[in-house]
Each structure stands twice: as C-alpha cells, then as structure tokens.
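The values are calculated or read from the model by the stated rules, or taken from the named source; none is laboratory data. This structure is a prediction, so every number in the text was calculated from the model and none was measured. We place every Cβ from the backbone using ideal geometry, glycine too, and count neighbours over all the protein chains shown. Quick note on the areas: whole protein, heavy atoms, side chains included, nothing else; ligands and nucleic acids left out. Shrake-Rupley method; radii C 1.70, N 1.55, O 1.52, S 1.80 Å.
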Amino acid sequence: MADQLLSTAPDYHSLPENYIRPEDQRPVLAEVVSDAHIPAIDMGAPDRSHVVSQIGHACRSYGFFQVVNHGVPVELMLRLLVVAREFFHLPPTEKAKLYSDDPTKKVRLSTSSNIRKETIRNWRDYLRLHCYPLEEYVPEWPCDPSSFKEVVSAYCKEVRQLGLRLLEAISLSLGLEEDCLVKALGEQGQHMAINYYPRCPQPQLTYGLPAHTDPNALTILLPDPDVAGLQVLKDGRWIAVDPLAHAFVINIGDQLQALTNGKYKSVLHRAVVNPEKERISVASFLCPCNYAIISPPERLISEGSPAMYRSYTYEEYYKKFWSRNLDEEPCLELFQS
C-alpha cells in the first residue's frame with residue numbers, strides 16, 4: 001500500500017482522477033483574500049496583560065493568530081524543517097516500513113487524510129507521531145534520517161511548553177484562573193503531523209486538505225517559510241495566511257470551543273497546493289487526556305448563555321472524528337445540546 005504515497009510517485013503532469021474534486025467543491029483561488037493580516041502577537045512583550053488581551057481578541061475574532069518571540073529556538077525550528085524534508089525524500093523502501101492506513105496507530109506514514117473513508121483524495125502525505133510521554137513513543141519513531149529522533153524530541157519538548165503557556169494566557173483572557181483550562185484538559189496528549197505537499201500540476205482542482213476544524217484543543221503550526229498554503233475562513237471569505245519569519249501559527253481546536261462555551265472559535269481552515277514547489281509544514285496538537293470531561297466552567301455558563309454542547313469525553317469525540325470524512329460537517333456539531 002505504500003505505493004500510494006505521493007512522495008514516492010512520479011512527477012505527475014496531470015492530476016489523477018481520484019484527486020479531482022467536483023466543480024462545486026474546488027478552491028476558487030482567485031477569490032482568496034491575500035492582503036488580510038492574521039493577528040501577530042509578541043509573546044515576549046513586557047506587558048503580559050496586553051498580550052493576554054491580544055490573544056483573547058484573536059481567539060474571539062479569528063480563531064487563529066501568529067506568535068513571535070515565543071521562546072522556541074529558531075535554529076531548532078529550522079533543523080526540524082530540514083529533517084522533515086529529508087524524511088520525505090528517503091527511498092520508497094524506507095518509507096514503506098512506516099506506512100499504514102490505520103488511524104489508531106501511534107506512529108504511521110500515510111497519505112491524503114483518512115484513506116479508508118475517502119472517495120476523493122487530498123494531495124498530501126504525512127507522518128503522524130504521538131509525542132507525549134516521549135520515552136514511550138520515541139523508540140518507534142523513524143531511525144532515518146539519523147538526526148530525526150534527536151531533533152524532533154527536542155522540538156516536541158519546546159512546543160509543549162509553548163502550548164501550556166498559551167493555554168494559561170487563554171484562561172486569563174476569559175477571566176478564569178490561569179490554570180483552569182490546563183486542569184480541565186487533564187494530562188494532555190501531544191501529537192504531531194509532519195505534512196508533505198508535493199508540487200501539484202493542477203492545484204485548482206484539488207486540496208492538500210479540505211476545509212476542516214481540528215479535533216484537539218490547540219494546534220501549533222510550523223509553516224514552510226518559503227511556500228504559503230494555509231487559508232482561514234473569515235466572514236465567509238477565505239484568507240491566505242502569510243507566515244511571519246520564525247513565527248508559529250496558532251489555532252483554536254474544537255475542544256477549546258466547547259470548553260469556552262463557543263466564546264472562542266474553532267474555525268474552518270484548509271491547505272491549498274502549489275504548481276511549482278513542494279511544501280512542508282509541521283502541526284503539533286495538544287489534546288485532552290482521553291477521559292477528560294469536556295464541559296465549560298460554570299463561570300462561562302449563565303441563564304442567557306446555556307451550555308452549547310453536551311458533556312462528553314475526549315475519547316468519545318476522537319473516535320467520532322476518525323469515523324468520518326474530513327470534509328463532512330464539523331464534528332463538534334454532533335455534540336450540540
């Protein structure tokens with residue numbers, strides 16, 4: 001089955017039929033807003049209350065923002081992108097060792113999104129890794145490239161700490177105790193998707209990933225600094241996210257929308273592909289522990305603002321998410337009160 005990987009396939013001159021979207025589902029690239037600005041927040045600013053206020057505004061208005069001066073070493077970010085690209089350029093026989101279409105596997109190389117469910121594929125390969133606790137999962141990670149385990153382990157530790165700092169700021173922005181959301185999420189899991197989007201001969205006919213929301217709590221994306229592709233839906237229009245130098249793109253996941261009782265939005269976003277260049281991105285996901293009860297704090301519920309979603313466990317939600325196609329209605333809608 002590893003021969004289905006795009007990264008081992010020939011350089012296509014036209015799009016294979018099973019990647020072509022119906023006309024009414026294709027990206028209308030000419031209508032994408034390219035001059036809008038996703039909020040950029042300086043995490044190193046001395047006035048923390050101002051940083052918290054900016055994060056709250058971004059979570060309410062966009063569901064997305066970028067962070068600079070975030071504390072993750074720039075050299076480590078660049079090394080990760082290098083080792084990620086090296087991985088996808090490995091010989092097919094090496095990549096075949098990790099290939100799987102089983103979404104329950106903790107370490108797997110696959111293609112599209114959920115290939116068992118899809119009739120139309122997405123123009124993407126990805127390496128999915130569970131990352132916490134590291135000592136449990138690192139032994140199963142790829143041994144090639146030789147620096148892979150060292151670089152990715154160091155990166156995972158830094159990104160986890162950034163995520164916890166962001167969750168504390170998000171709690172404060174809601175008028176909650178600093179540790180409220182961290183406690184609500186329990187001993188958080190951490191996953192990573194290293195995404196590879198090859199050069200695409202007809203990008204107007206397909207997606208790298210179609211419009212979706214993320215099932216986790218918080219996503220920290222390391223984008224390709226040279227090739228854009230992420231787009232966010234805002235007020236009915238798609239906005240291109242132009243990454244800042246050495247910045248992370250942050251987005252609110254479904255679990256934070258539920259925990260904040262809809263005050264902060266898990267918004268639709270998608271990945272489009274490029275006709276001239278391949279693109280790499282690395283998404284890190286902070287997730288509730290499986291048995292965390294997802295229910296908003298009492299302070300965020302009132303007579304005029306009752307709970308929007310029924311209480312559920314993250315395990316229940318995650319199973320439901322992977323039982324569906326990515327481009328169906330947002331999974332969170334199935335949990336409305």
Residue in region 31-40 that is among the polar types (S, T, N, Q), within 18 Å of Lys234 (Cα to Cα) and in contact with a strand residue (DSSP E or B) (Cβ under 8 Å, 6 or more places away or on another chain) present: yes
Qualifying residue in region 238-248 (condition: modelled with pLDDT under 95 and not aliphatic (A, V, I, L, M)): yes
Hits in region 53-63 - residues which are open to solvent by 20 Å² or more (accessible area, probe 1.4 Å) and either over 22 Å from Leu164 (Cβ atoms) or in a helix (DSSP H, G or I) (or both): Ser53, Gln54, His57, Arg60, Ser61
Residues within region 19-43 that are among the aliphatic types (A, V, I, L, M), closer than 18 Å to Val68 by Cβ and touching a helix residue (DSSP H, G or I) at 6+ places or on another chain (Cβ under 6 Å), tallied: 1
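In region 159-274, which strands (runs of 3 or more DSSP E) lie fully inside it and hold 2 or more residues that are surrounded by 23 or more Cβ atoms within 10 Å (Cβ to Cβ) and without any contact (Cβ under 8 Å) to a residue 40 or more places away in the chain? Can you show your working first?
Details: elements: 189-197, 209-212, 218-222, 230-234, 237-240, 248-252, 269-271.
Of the strands (runs of 3 or more DSSP E) lying wholly inside region 159-274, none has at least 2 residues that are surrounded by 23 or more Cβ atoms within 10 Å (Cβ to Cβ) and without any contact (Cβ under 8 Å) to a residue 40 or more places away in the chain.
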Top-ranked residue in region 10-21 [being over 12 Å from Cys200 (Cβ atoms) and more than 25 Å from the chain's Cα centre (by Cα); ranked as most open to solvent (accessible area, probe 1.4 Å)]: Glu17
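Consider Ile41 carefully, then state whether it is surrounded by 14 or more Cβ atoms within 10 Å (Cβ to Cβ) and part of a loop (DSSP other than H, G, I, E, B).
Working: surrounded by 14 or more Cβ atoms within 10 Å (Cβ to Cβ): yes; part of a loop (DSSP other than H, G, I, E, B): no.
The answer is no for Ile41.
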Pair list, Cβ under 7 Å, 6 or more apart: region 318-336 residue within 26 Å of Pro306 (Cβ to Cβ), other residue part of a loop (DSSP other than H, G, I, E, B) and of a type outside the set (S, T, N, Q): Tyr318/Pro215; Phe321/Pro215; Cys331/Pro215; Cys331/Arg324; Phe335/Arg310; Gln336/Met308
Which numbered condition Ala30 misses (of (1) at pLDDT below 95; (2) surrounded by 13 or more Cβ atoms within 10 Å (Cβ to Cβ)): (2)
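Which ones in region 307-317 are under 13 Å from Gln255 (Cα atoms), touching a residue at least 12 places away in the same chain (Cβ under 8 Å) and either of a type in the set (Ser, Thr, Tyr) or out of contact with any helix residue (DSSP H, G or I) (no Cβ under 7 Å at 6 or more places or on another chain) (or both)?
Looking only at region 307-317, we keep the residues that are under 13 Å from Gln255 (Cα atoms), and these are 308-317.
From what is left, the residues that are touching a residue at least 12 places away in the same chain (Cβ under 8 Å) are 308-315, 317.
Met308, Tyr309, Ser311, Tyr312, Thr313, Tyr314, Glu315, Tyr317, listed by residue number.
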Meets criteria (open to solvent by 80 Å² or more (accessible area, probe 1.4 Å) and not basic (Lys, Arg)) for Pro46: yes
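Is at least one residue of region 202-209 touching a Cys at 6+ places or on another chain (Cβ under 7 Å) and within 28 Å of Ala30 (Cα to Cα)?
Yes, because at least one residue in region 202-209 is touching a Cys at 6+ places or on another chain (Cβ under 7 Å) and within 28 Å of Ala30 (Cα to Cα).
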Complete set of residues in region 280-306 that are open to solvent by less than 40 Å² (accessible area, probe 1.4 Å), farther than 22 Å from Cys156 by Cβ, touching a helix residue (DSSP H, G or I) at 6+ places or on another chain (Cβ under 9 Å) and not in a helix (DSSP H, G or I): Ile294, Pro296, Pro297
Search result, residues across region 72-81 that are open to solvent by 70 Å² or more (accessible area, probe 1.4 Å) and in contact (Cβ under 8 Å) with a residue 40 or more places away in the chain: Arg79
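Just to check your reading of the model, which residue among Asn114, Asn122 is surrounded by fewer than 19 Cβ atoms within 10 Å (Cβ to Cβ) and not acidic (Asp, Glu)? Steps first, answer last, please.
Numbers: Asn122 fails: surrounded by fewer than 19 Cβ atoms within 10 Å (Cβ to Cβ).
None of the other options fit; the residue is Asn114.
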